[in-house]
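Please read the structure below before turning to the comments.
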Amino acid sequence: MTTTSAPIAVTGPVRPPARRTRHAGGRWTGWGFLAPFALVFVLVFIAPILYALWLSLFRNQLVGGNAFVGLDNYVAAFGDAAFWAGVIRVGLFLLIQVPIMLFLSLLAALAIDSGRLYGAGFFRLAIFLPYAVPAVVAALMWGFMYGTRFGLVGNINDFFGIQLPNLLSPELVLASIGNIVTWEFLGYNMLIFYSALRVIPTSLYEAAAIDGASQFRIIRAIKLPAIRGSLVVATIFSIIGSFQLFNEPSIMQSLAPNAITTSFTPNLYAYNLAFTGQQLNYSATVAIIMGLITMIIAYVVQLRGMRKAD
């Protein structure tokens, strides 16, 4: 004998599940955490840019004082031969020094990561150590070494009775500055590449060893594609640093006054315009133009690098 239970009748309306109610103040909690960063970002980044833009639209005239001139400063800058000579100079510096520095940094990172270099920890520290030297000290040190009368070059000339090229001459001073910058930042870029190499899965190396791949093949097929993002980042940083070249030529100007002029680089030109020539408005114009040039070139490099990575 089987029994069946009758269905239970539901009386009354069915209530929907209760929804969570958000307090009105909860929506502003995220903004409260973001406010300190946003405030600092506006004060140290947005406000100086806006102030420089505002300065670039005025000109301090003998008659009338600080007068609004619109885009006249930009028109004058695009026709300024001294400014564009500095731009071309740092562009040449970028095209020659940056590839050499990045290649040497990559070579050092690959050598240390290979596991076949004896004393890899010592070499890693020794290569990175020059980055800890302030740029002013590095420029002074290398500047005195370049000297033909009191430096290393001069001592070699006197000792061996020869005449080495003057590294502070107008023809070689840009290459000399490039050597200083390479010495300073080779270890910094090496550390970026080495950090990226350390996170490559070891299973890829094991598979390559099973297939009998050579070390060169592993570098070309595994390591370089894996650190492509780091290569792009290091290239962008180097581009920005090249267009911001200031410390080295500024310090070495007293050692090579005939080779390093007041407009040797755009940043040095803007500095001398502002603090020597008291042309704050035109200096702000030069800074704004250089910022735009740097941003455009860095953005193009980023786009091309990410496109290849895809």
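The values are calculated or read from the model by the stated rules, or taken from the named source; none is laboratory data. Just so you know, these numbers come straight off a predicted model, no measurement behind them. Here the Cβ positions follow ideal geometry from the backbone for every residue, glycine too, while neighbour counts run over all protein chains shown.
Below, the figures for the structure above:
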item: Count of residues meeting criterion [under 16 Å from ALA81 (Cβ atoms) and not in a loop (DSSP other than H, G, I, E, B)] in the stretch 248-267; result: 1
item: Number of the condition not met by LEU245 [criteria: (1) outside any helix (DSSP H, G or I); (2) modelled with pLDDT under 90]; result: (2)
item: Near pairs, Cβ below 7 angstrom, 6+ apart or cross-chain, from the stretch 108-124 (at positive phi) to any residue that is at pLDDT 90 or above and among the polar types (S, T, N, Q); result: none
item: MET141 surrounded by fewer than 19 Cβ atoms within 10 Å (Cβ to Cβ), touching a helix residue (DSSP H, G or I) at 6+ places or on another chain (Cβ under 6 Å) and in a helix (DSSP H, G or I); result: no
item: Members of the stretch 216-242 found to be within 21 Å of the chain's Cα centre (by Cα), crowded, with 18+ Cβ neighbours inside 10 Å and assigned to a helix (DSSP H, G or I), listed by number; result: SER230, LEU231, VAL232, ALA234, THR235, SER238, ILE239, GLY241, SER242
item: Among (1) more than 30 Å from LEU168 (Cβ to Cβ); (2) touching a residue at least 60 places away in the same chain (Cβ under 8 Å), the one test that ALA213 misses; result: (2)
item: Candidate set: the stretch 107-123, residues that are touching a Phe, Trp or Tyr at 6+ places or on another chain (Cβ under 9 Å) and assigned to a helix (DSSP H, G or I); chosen: the one surrounded by the fewest Cβ atoms within 10 Å (Cβ to Cβ); result: ALA111
item: Some residue of the stretch 139-151 being closer than 25 Å to LEU245 by Cα, among the polar types (S, T, N, Q) and over 21 Å from the mean Cα position of the chain (by Cα); result: yes
item: ALA126 vs. criteria small (Gly, Ala, Ser), surrounded by 18 or more Cβ atoms within 10 Å (Cβ to Cβ) and either outside any helix (DSSP H, G or I) or in the same structural domain as GLY187 (by TED's automatic domain parsing) (or both); result: no
item: Any hit, the stretch 147-162, residues being under 27 Å from THR235 (Cβ atoms) and either of a type outside the set (S, T, N, Q) or surrounded by 15 or more Cβ atoms within 10 Å (Cβ to Cβ) (or both); result: no
